[in-house]
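Input: a single structure, listed below in structure tokens.
The values are calculated or read from the model by the stated rules, or taken from the named source; none is laboratory data. All figures in this text were calculated on a predicted structure; none of them were measured in a lab. As a convention, Cβ positions derive from the backbone with ideal geometry for all residues, glycine included, and neighbour counts pool all protein chains shown. Areas reflect the complete protein model, heavy atoms only, side chains present, ligands, DNA and RNA absent. Shrake-Rupley method; radii C 1.70, N 1.55, O 1.52, S 1.80 Å.
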Amino acid sequence: MKNTNYSPIDDERPLPETRETVRRVAAACRLDPRATPRSNQARLLFALYDRIGLDLPYGWREACVGVLAERGIPATTLSLDLLFSAMLTEEVVEFDGWPGIDRRLVNALRARLR
């Protein structure tokens, strides 16, 4: 019997290109081991947005979780999805002034919402 409650987010498998893109972006991103996990997750998401836009490739969540784990930063696909969703709503204003997040990117997202 087919599981009708299946969500592709529950079982994403990133393509090697997606993993490599996330690794390159994370290497150029200013992740801070002293910062909170949420702050580092947001830094990586804004860096991805800056590099490739809002049309993130399939498997980006799992790729980000893996790259963050390699750096000792805890993350889940759900926590990343919640932060990404906040970037796409009026909640994006919460990121204004966060260390490591470029205000230009926050303002660009805010302008998209208008």
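Here is how the numbers come out for the structure above:
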| read-out | value |
| --- | --- |
| Boolean, A75 is assigned to a loop (DSSP other than H, G, I, E, B) and modelled with pLDDT of 90 or more | yes |
| Failed condition for G97, given (1) free of Cβ contacts under 8 Å to residues at least 24 places away in the same chain; (2) in a helix (DSSP H, G or I); (3) not aromatic (F, W, Y) | (2) |
| Of residues in the range 46-83 being of a type outside the set (A, V, I, L, M, F, W, C) and under 16 Å from G100 (Cβ atoms), the one least open to solvent (accessible area, probe 1.4 Å) | Y49 |
| The range 84-114, subset of a type in the set (A, V, I, L, M) and open to solvent by less than 20 Å² (accessible area, probe 1.4 Å), residue farthest from T36 (Cα to Cα) | L109 |
| Matching residues, the range 22-45, being without any contact (Cβ under 8 Å) to a residue 60 or more places away in the chain and open to solvent by 70 Å² or more (accessible area, probe 1.4 Å) | R23, R24, A27, A28, P33, R34, T36, R38 |
